[in-house]
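Taken together, the values in this text are just the output of simple stated rules run on the coordinates, not laboratory data. Since the model is a prediction, treat every value here as computed from it, not as a measurement. As a convention, Cβ positions derive from the backbone with ideal geometry for all residues, glycine included, and neighbour counts pool all protein chains shown.
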Amino acid sequence: VFVRALQRVLPFLTAVLTTACVTPDETIDIVHDACQPIAILAGDGATDEERASAAEGMEMWNALAGTRLTGVAEAGAAIVPLEFRLAAAAFFGTYDDETGQIIVNRRLSDARERAVTIAHEIGHAMGLIHVDEDVRLSVMNPANVQITPTREDRAVLVAAWGECPAD
Ligand SMILES: [Zn+2]
């Protein structure tokens, strides 16, 4: 009976685990100062469309919060590798906080959803944790592919890193 119950619940559990962008614990090990240059570097295998979404995800933060996210490894920039991989459809993206790498599901074919996913994972790289949808709408809602960074998200970033100085 136990095994049968387990069999019934396992697909559900797997779905939950792969849908949520996994931050393994509440402590994000590798984080980057949001006001310093951070290079989000797409791997060699990335398509032009994927690179464009990465640029769009970065611009969402740069325009809102004065961050200095860039697609090129300029001198002094922190490096966050960005890999696109085929994964189950329910999986959107993840920030591996122990290697400091972003992984985005290549099956995510909608450009806007891909850009929002990347903005979400960049949020983790800058130390932001998930915000429950019941609390407020946020780019950091789990499994979010719609909500771009909000003024409240910006406020959380400012609380952590201070106001980013204008160039
Ligand atoms: Zn997440």
Point to revise | Cα gyration tensor category, rounded, prolate or oblate, for the stretch 32-167 with a/c compared to 1.5 | key: oblate
Point to revise | Within the stretch 53-109, GluC sites (Glu not before Pro) in DSSP loop having at most 12 other beta-carbon neighbours inside 10 Å | key: 74, 98
Check your understanding: With r defined as the distance between the Cβ atoms of residue 88 and residue 152 and R0 fixed at 35 Å, what FRET efficiency is calculated, to the nearest 0.05?
Key -> 0.70
Revision key, fill the gap. Long-range amide H partners of residue 42, meaning residues 5 or more apart or on another chain whose placed amide H is closer than 5 Å, are 82
